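Chemist: Structure provided below as structure tokens; questions to follow.
The values are calculated or read from the model by the stated rules, or taken from the named source; none is laboratory data. Keep in mind it's a predicted model, so treat the numbers as computed, not measured. Here the Cβ positions follow ideal geometry from the backbone for every residue, glycine too, while neighbour counts run over all protein chains shown.
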Amino acid sequence: MVMSLLNTRDTTNSKTRSVRLLRNNASIILIYTIILIVIGIAFFVNENFRSPSNLINILRQSIILGLIAIGQSMIALTGGLDMSVAQVARIVGLTVASIFAISGSNPTLIMPLIILGLLIGGTIGLLNGILVTRTHANPFIITLGIASILRGVNLAISSTPIRGIPKPYLHIYDYKIGIVPLNVLVMILVWILVYIFTTRTRNGRALFAVGGSERVARLSGINYNKTLIMAYIICSIFAAMTGLFLLSRTGVGDPSAAEGMDFQSIVAVALGGISLYGGKGSIIGTMGGVLLLATLSNVFNLLQVNIYYQQLFLGLIVLITVAAYKSPRSS
Amino acid sequence: MSTSSVSPNSTGIYLLSVSNIEKYFGGIHALSKVSFDLKAGEIHALVGENGAGKSTLIKIITGAYTPDSGEIHINGNIYRNLDPIQARNLGIAAVYQEFNLLPELSVAENITLGAQPIGKYKLIDQKSRSLITYQLLERLGAESLIDPDELVKNLTVGEQQLVEIAKALAINARILIMDEPSAILPSRDLDRLFSVIRHLREEGCGIIYISHRINEIFELADRVTVLKDGQTMATKNVADTNQVELVNLMVGRPLMDMYPKKESLVGEVILEVNNLCIEGTVFDINFNLKSGEIVGLAGLGGSGRTTICRSLVGLANIHSGEIIYQGEPAPRSPSAAAKLGIVLIPEDRKTYGLVLNQTMRFNLSLPNLNQFTKLGILSSLKEKEAVQMIIKKLQIKPPTPNISTENLSGGNQQKVVVGKWLMANPKLVIFDEPTRGIDVGAKAEIYVHINELTKQGVGVILASSELPELIGMCDRILVLYEGRLVGEVHRENFSEEKIMQLATAVNN
């Protein structure tokens with residue numbers, strides 16, 4: 001009897017496997033389907049959209065959000081949110097710009113200042129991580145507090161654009177290898193690395209475990225504090241990279257740089273199907289979320305949709321996705 | 001609606017009578033032909049081991065569960081689909097160990113929460129609220145002890161319990177269920193609780209009194225019903241029975257031949273616990289464990305079993321004393337413990353054992369990722385092989401590594417928790433209630449794996465509330481009572497009666 005039961009299971013195995021594959025990746029399939037639909041519609045509606053340069057442009061536009069969102073994904077996997085990412089990007093940009101300005105646009109400082117920027121990011125991430133693990137308070141509140149402090153510091157550094165960025169630094173953003181911009185390549189590389197990190201390393205698995213259940217993770221020998229602190233450091237370093245890219249793109253130290261990026265990164269993460277309750281989701285989903293937002297923003301701009309409506313639309317997307325991936329407790 | 005209490009001359013009338021109650025949870029037969037009744041003006045004790053079905057019966061009486069068959073009579077009327085609101089309106093109230101009080105509100109606010117007295121302009125009448133509260137406390141003889149306007153969080157546990165009882169009286173409860181009320185009280189508050197309960201009996205209430213402390217039953221109760229394995233063993237007048245008989249009724253069962261105890265080679269001492277004290281829960285515990293040995297931890301709920309288990313993997317704040325593993329102080333965190341091969345298979349698999357929304361494969365490999373990692377990268381091939389091997393070894397069903405663990409049955413979930421640690425090649429395994437809530441077949445399989453561990457020289461600590469399990473599996477059993485080690489019984493002297501007597505502090 002038991003044997004025959006097992007046998008029938010074996011024969012249905014391949015079928016159930018493909019069903020499960022579909023079901024487990026439903027959110028990813030959904031997001032990429034939506035992207036294709038949006039692209040499809042835009043393709044017919046607007047001929048400017050079709051040009052290869054515009055498509056490359058979408059990729060380029062998604063770099064800034066992409067870097068921040070990938071960091072945010074890691075925090076979301078642990079069950080938290082990092083509300084300080086935009087301010088981290090800004091403080092890095094402003095600090096680097098200020099030092100360039102003081103040094104009289106000295107190009108030999110480019111490498112040291114890039115490293116300094118990443119260090120600033122890492123340090124703030126470390127601070128976030130320590131505060132979250134020590135206080136056990138909601139990470140949202142902790143990082144919001146840090147963001148508020150950083151906002152103050154940023155205003156103190158400068159409330160007007162800082163000029164004096166050396167020319168070679170400005171080329172970083174525009175540099176191309178053939179037709180493909182360097183920064184698009186960097187982003188693709190980062191995505192691949194983070195994908196491998198989250199799926200194929202111990203620390204990556206630990207992110208999911210910590211977000212899924214702190215107690216189980218601890219009892220399974222996962223170092224909870226280390227895992228969380230690591231996630232916050234990585235997230236802030238990506239935010240710092242964003243700040244450095246933004247500085248290269250705009251060419252001035254911008255006191256309003258990365259405005260709204262904290263919220264948008266959360267939208268991208270949620271769209272991509274990473275549970276905001278932690279422990280579930282994939283980086284590939286976040287990439288879909290970023291691409292969708294970048295495409296939509298591109299389409300909106302081509303169709304000259306008012307910025308206010310864009311904002312409204314963004315809010316609606318968040319509410320709809322959060323409702324769709326509702327808390328497991330309520331089901 | 002009358003607010004006066006039931007007159008004392010109603011003694012003898014059946015307030016409640018349930019008969020032939022059947023209740024299944026999935027494949028588990030939780031209650032089988034259970035009958036129980038309660039008269040006005042009596043204290044009826046309900047006793048039984050953990051898992052005997054007491055809570056299930058209580059939940060049926062309070063309307064939280066609907067029985068699969070059987071009859072519920074309340075005040076002479078039959079109720080088929082009793083729900084909690086209906087039960088409450090019929091005057092059934094329960095005081096659980098965990099209070100349902102809002103700590104930031106006052107005593108009066110808590111007591112009248114369901115039925116605030118409304119005065120002028122539809123506002124709450126604060127004066128009559130305080131008055132109602134005062135009268136209720138007066139009935140309990142606690143009016144001088146508890147100020148109606150005091151915040152609940154400022155009261156002692158004993159006082160909070162009185163507030164809970166007053167809350168029950170506020171809905172005119174005639175059937176009061178008290179779930180181990182003495183377990184949470186310091187002994188100096190016991191007398192007051194007992195006199196309150198006796199006073200309610202005088203008023204004509206029927207009280208269902210659940211307790212693990214056999215001696216209390218003889219002090220307080222009129223009748224006692226013993227439940228065992230979901231069946232009513234007996235209902236007796238307390239005057240006609242004695243402590244030893246009750247204990248025998250609670251535990252006496254044919255020992256099933258499902259404990260394949262094998263003689264393993266008991267070796268050197270690997271673990272020593274010396275004078276271990278953990279703030280407020282565990283006091284002055286001394287024991288050791290040898291390789292290849294199974295030492296049992298017996299004791300009632302709250303006796304400190306779980307705390308001791310957790311302390312061995314660094315999860316308790318040790319107040320004084322020491323834990324020595326292989327001659328060195330034991331590690332102070334689960335991750336450090338796991339590195340040395342000390343693992344805890346925790347009591348509540350859904351809270352502590354599994355990341356439920358993750359796959360079987362994720363859960364199985366979680367503590368073992370090191371084994372599959374080369375140059376920092378996980379080899380999914382190695383992982384898959386190891387996971388499939390353990391699935392086959394433990395016969396986890398369905399044998400699908402990518403199934404989410406929340407979709408597994410309890411027994412298979414437990415196998416995953418056991419399996420993830422078997423994969424880690426442990427040296428010392430602490431099992432805390434390894435078979436709670438799982439079916440007989442899965443139980444037997446888990447016992448086989450425990451024996452296999454000891455055969456390989458692994459030391460095992462087995463904490464369990466099921467005496468047959470301990471007796472069937474262990475070399476020695478340590479008995480705990482209220483955080484203290486009250487006895488150590490060796491295999492040749494094992495008997496359920498003896499262990500139960502130690503665990504319930506019965507002297508004879």
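Chemist: Just checking: which of the helices (runs of 4 or more DSSP H) contained wholly in region A:223-307 hold 2 or more residues that are surrounded by fewer than 23 Cβ atoms within 10 Å (Cβ to Cβ) and hydroxyl-bearing (S, T, Y)?
Modeler: A:224-250, A:283-302
Chemist: Going through region B:371-380 one residue at a time, which ones are more than 7 Å from chain A (Cβ to nearest Cβ) and either within 21 Å of A:R215 (Cβ to Cβ) or buried (at least 20 other Cβ atoms within 10 Å of the Cβ) (or both)?
Modeler: B:F372
Chemist: Considering only residues that are among the β-branched types (V, I, T), over 13 Å from B:L300 (Cβ atoms) and assigned to a strand (DSSP E or B), which ones fall in region B:461-487?
Modeler: B:I461, B:I477
Chemist: Another question, if that's okay. Give region A:197-214 a look and list any residue that's assigned to a helix (DSSP H, G or I), within 7 Å of chain B (Cβ to nearest Cβ) and of a type outside the set (G, A, S), or say none.
Modeler: Selection gives A:R200, A:R202, A:R205, A:F208.
Chemist: Looking at B:R310, is it basic (K, R), within 23 Å of B:V416 (Cβ to Cβ) and modelled with pLDDT of 90 or more?
Modeler: yes
Chemist: Are there helices (runs of 4 or more DSSP H) fully within region A:23-84 with at least 3 residues that are within 16 Å of the chain's Cα centre (by Cα) and not β-branched (V, I, T)? List them.
Modeler: Those helices (runs of 4 or more DSSP H) span A:52-77.
Chemist: With a cut-off of at least 3 residues that are modelled with pLDDT of 85 or more, surrounded by 20 or more Cβ atoms within 10 Å (Cβ to Cβ) and out of contact with any Cys (no Cβ under 9 Å at 6 or more places or on another chain), name the strands (runs of 3 or more DSSP E) lying wholly within region B:198-264.
Modeler: The qualifying strands (runs of 3 or more DSSP E) are B:206-210, B:223-228.
Chemist: Hey, B:I438 hits all of (1) modelled with pLDDT of 90 or more; (2) within 21 Å of the chain's Cα centre (by Cα) but one; which does it fall short on?
Modeler: Looking at each condition in turn, B:I438 falls short on (1).
Chemist: Let me ask you something else. Could you tell me which numbered condition B:V417 fails, if it satisfies all but one of (1) at the interface with chain A (Cβ under 10 Å from one of its Cβ atoms); (2) part of a helix (DSSP H, G or I); (3) surrounded by fewer than 21 Cβ atoms within 10 Å (Cβ to Cβ)?
Modeler: Only one criterion in (1) at the interface with chain A (Cβ under 10 Å from one of its Cβ atoms); (2) part of a helix (DSSP H, G or I); (3) surrounded by fewer than 21 Cβ atoms within 10 Å (Cβ to Cβ) is unmet by B:V417, namely (3).
Chemist: What tally of residues in region B:315-324 results from selecting those that are more than 10 Å from chain A (Cβ to nearest Cβ) and part of a loop (DSSP other than H, G, I, E, B)?
Modeler: So the count comes out to 2.
Chemist: Any residue at all in region A:199-218 that's surrounded by fewer than 24 Cβ atoms within 10 Å (Cβ to Cβ) and in contact with a Pro (Cβ under 9 Å, 6 or more places away or on another chain)?
Modeler: Looking through region A:199-218, at least one residue is surrounded by fewer than 24 Cβ atoms within 10 Å (Cβ to Cβ) and in contact with a Pro (Cβ under 9 Å, 6 or more places away or on another chain).
Chemist: Would you check if there is a residue in region B:177-192 being buried (at least 16 other Cβ atoms within 10 Å of the Cβ), at positive phi and not assigned by TED's automatic domain parsing to the domain that holds B:V506?
Modeler: Yes, the conditions are met somewhere in region B:177-192.
Chemist: Which one is farthest from B:L408 (Cα to Cα) among residues in region B:325-369 that are of a type in the set (S, T, N, Q) and more than 7 Å from every other protein chain (Cβ to nearest Cβ)?
Modeler: This residue is B:Q326.
Chemist: Going through region B:387-401 one residue at a time, which ones are in contact (Cβ under 8 Å) with a residue 12 or more places away in the chain and within 10 Å of chain A (Cβ to nearest Cβ)?
Modeler: Those that are in contact (Cβ under 8 Å) with a residue 12 or more places away in the chain and within 10 Å of chain A (Cβ to nearest Cβ): B:K397, B:T400.
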